[in-house]
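Have a look at the structure below before the remarks.
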Amino acid sequence: MYVRSLLFLVLCLAGANSHLLKFEDCGSVKGKVIQVDFVPCGYLNIEFQMFETVQNATILMNQIVDGKPGPAPLPYIYACNQWDFYGLRCPLHTGKRYNFSLDLAQEEPEFHLKGRFTLKDLSDHIIFCSQFNFWFC
Ligand SMILES: *[C@@H]1O[C@H](CO)[C@@H](O)[C@H](O)[C@H]1NC(C)=O
Ligand SMILES: *[C@@H]1O[C@H](CO)[C@@H](O)[C@H](O)[C@H]1NC(C)=O
């Protein structure tokens, strides 16, 4: 966690490389995406706001090819159980904002995709669904 904070600080100071991505909503219900911050070869931060409190959540990533979602599995399905990986803790409270984070420096070679991220509660109700172009490297 200390390393994560330090890395975050360094990236903040380096700041210039970070930028906000254009994203499309694909059916958000219990929350909405505020912004998607992308640092090439660094991290992706999906900032979202909750409209309802949920106790626990799952995260799904798909790769959109020809308009259709295909599999693009993430290492963990539970979004709140891996603080050191996704930076998220549950419960997620009404009105509050959170970041779902993903380390992008994990794939070789560089891999570009249109990704769809779906955060759901454990009853399978959608919190947010958002899709955008980004890359791993
Ligand atoms: C979320 O649910 C999973 C599966 O039931 C459980 O293992 C996990 O501990 C729960 N996480 C939280 C933060 O409640
Ligand atoms: C989410 O991360 C962005 C930077 O990527 C930051 O500007 C924003 O304040 C963070 N939001 C929360 C709720 O932590």
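Worth a mention:
- Paramagnetic reach from Gln82 in segment 36-59 [backbone N under 16 Å; point 7 Å along Cα→Cβ]: 43-46, 57-59
- Residue among Phe38, Phe51, Phe100 with the largest mean-square fluctuation in a Gaussian network model of the chain, springs linking Cα atoms under 10 Å: Phe51
- Cα-based shape type of the chain, given that a ≥ b ≥ c are square roots of the gyration tensor eigenvalues and the cut on a/c is 1.5: oblate
- Nearest-20 debye value, the chain charge dipole, Cβ charges on Lys, Arg, Asp, Glu: 340 debye
- Of the residues Ala79, Ala105, Ala57, the one that moves most in a GNM of the chain with alpha-carbon contacts below 10 Å is Ala105.
- Based on DSSP H segments of at least four residues, each scored -39500 (n - 2.57), the chain has a per-residue ellipticity at 222 nm of -3500 deg cm²/dmol.
- Which of Val33, Leu44, His93, positive extreme of dipole for segment 24-136 (C-beta unit charges): His93
- Phi angles of segment 74-91 translate, via the Karplus equation with coefficients 6.51, -1.76, 1.60 and θ = phi - 60°, into HN-Hα couplings of 8, x, 10, 7, 7, 6, 9, 8, 10, 3, 6, 9, 9, x, 10, 10, 9, x Hz per residue; Gly and Pro are given as x.
- Amide H contacts of Cys26 (H built 1.01 Å from N, in plane; Pro and chain starts excluded): Cys129, Ser130, Gln131 sit under 5 Å, all sequence-distant by 5 or more or on other chains.
- Comparing Tyr98, Tyr86, Tyr76 in a Gaussian network model of the chain, where Cα atoms under 10 Å apart are tied by springs, the biggest mean-square fluctuation is seen for Tyr76.
Computed from the coordinates by the stated procedures, all read-outs in this text should not be read as laboratory data. What you see is a predicted model; the values in this text were computed from it and never measured. No Cβ is skipped: glycine too gets one built from the backbone with ideal geometry, and neighbour counts run over all protein chains shown.
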